[in-house]
Amino acid sequence: MNTDITASATPEYPVIDRNPPFTKVVSNFSVLDYFRFATITGVSVTVGYLSGIRPGIRGPSMVTGGLIGLMGGFMYAYQNSAGRLMGFFANEGEVEKYKKTKN
């Protein structure tokens, strides 16, 4: 089974790196990616706290919600960053950034 997304979809924007490594994707996080990451984590902590039915379970529920939000927020930011590098999302800033470092 081929799990390469580029095999079934054609990028709409310039491709910077067809298969970017983990370190390049994380170093490419934008301010908006970090903002979304923090927002998803914060909302998940709040939902976890509010979903604790009894006072004794609110703390563990909040921590669990926070961990789920932390992982989900990171995956969302990673997806956006990788998508920009692979040309699936708008990437004008990345094209300029990597054009300068390439020359």
One point scatterer per Cα, no solvent, Debye formula: log10 I(q)/I(0) for the chain at q = 0.13 Å⁻¹ comes out as -0.58
Heavy-atom accessible area of the chain with neighbours in place, 1.4 angstrom probe: carbon+sulfur share in percent works out to 66
In whole angstrom, the spacing between the Cα centers of the stretch 52-101 and the stretch 11-49 equals 4
For residue 24, counting only aspartates and glutamates whose alpha-carbon sits under 15 Å away and dropping same-chain residues fewer than eight positions off, the answer is 33, 94
Measuring from the longest principal axis of the C-alpha atoms of the chain, the long axis of helix 55-86 (C-alpha) lies at a number of degrees, nearest 10, equal to 10
For the chain, longest principal axis from Cα atoms; helix 31-51 axis from its Cα atoms; angle between them, nearest 10 degrees, is 20
Helix 92-102: inclination vs the chain longest Cα principal axis, degrees, rounded to 10, gives 60
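The values are calculated or read from the model by the stated rules, or taken from the named source; none is laboratory data. Every value quoted in this text rests on a predicted model; they were computed, and no experiment measured them. Heads up: the accessible areas ignore ligands, DNA and RNA and are worked out on the full protein's heavy atoms, side chains in. Shrake-Rupley method; radii C 1.70, N 1.55, O 1.52, S 1.80 Å.
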